[in-house]
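The structure appears below as structure tokens.
The values are calculated or read from the model by the stated rules, or taken from the named source; none is laboratory data. Being a predicted model, the structure only gives us computed values, none of them experimental. FYI the Cβ positions are ideal-geometry reconstructions off the backbone, even for glycines, and counts take in every protein chain you see.
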Amino acid sequence: MTTLTVKDLLPEDGTRGTLVGRVWLPQVNGPAVVAVRGDGVFDVGENGKLTGGKEFADCTAGRFDGMRFDTEGRLWAATDDGVHCLASDGTLIGKVKIPEICSNVVFGGPKRNTLYVTATNSLYAVMLHVNGHRTF
């Protein structure tokens with residue numbers, strides 16, 4: 001059995017949070033700490049040890065690509081038919097339909113309530129009633 005760790009990617013101050021690819025997000029809501037790796041979700045324990053390993057969500061439109069969290073802990077993921085908004089348990093809440101395959105999302109604007117979406121040939125901006133989690 002192989003033990004997976006993300007020790008090198010965790011902040012040295014012991015801040016708990018969420019790891020999405022190589023982007024570390026401080027804990028937003030609730031006690032759960034997860035790492036999204038491919039299509040799986042893992043609990044991140046002490047010293048970066050990953051445990052669990054379950055499917056987080058089923059993409060109903062191709063694949064998940066770039067992702068960002070909002071301040072309420074919802075995950076916004078680029079897909080082949082737009083952007084999917086997922087609850088912290090992976091339940092699909094809704095979709096922002098885009099007429100192109102999407103590759104990435106980021107929250108911007110003074111209140112971080114504009115969702116910028118990169119797609120095959122275009123850049124879209126969608127005003128939302130939620131605020132993106134500060135990542136930079």
TODO: Considering (1) within 23 Å of PHE56 (Cα to Cα); (2) acidic (Asp, Glu); (3) at pLDDT 95 or above, say which one ASP89 fails and leave the rest.
DONE: (3)
- [ ] Please indicate, with yes or no, whether at least one residue in the range 63-72 is in a strand (DSSP E or B), surrounded by 20 or more Cβ atoms within 10 Å (Cβ to Cβ), among the basic types (Lys, Arg) and within 16 Å of the chain's Cα centre (by Cα).
- [x] yes
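Matching residues to (1) assigned to a strand (DSSP E or B); (2) of a type in the set (Asp, Glu):
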residue: VAL96; (1), (2): yes, no
residue: GLU100; (1), (2): no, yes
residue: VAL105; (1), (2): yes, no
residue: ARG112; (1), (2): no, no
residue: VAL117; (1), (2): yes, no
residue: ASN121; (1), (2): no, no
residue: TYR124; (1), (2): yes, no
residue: HIS129; (1), (2): no, no
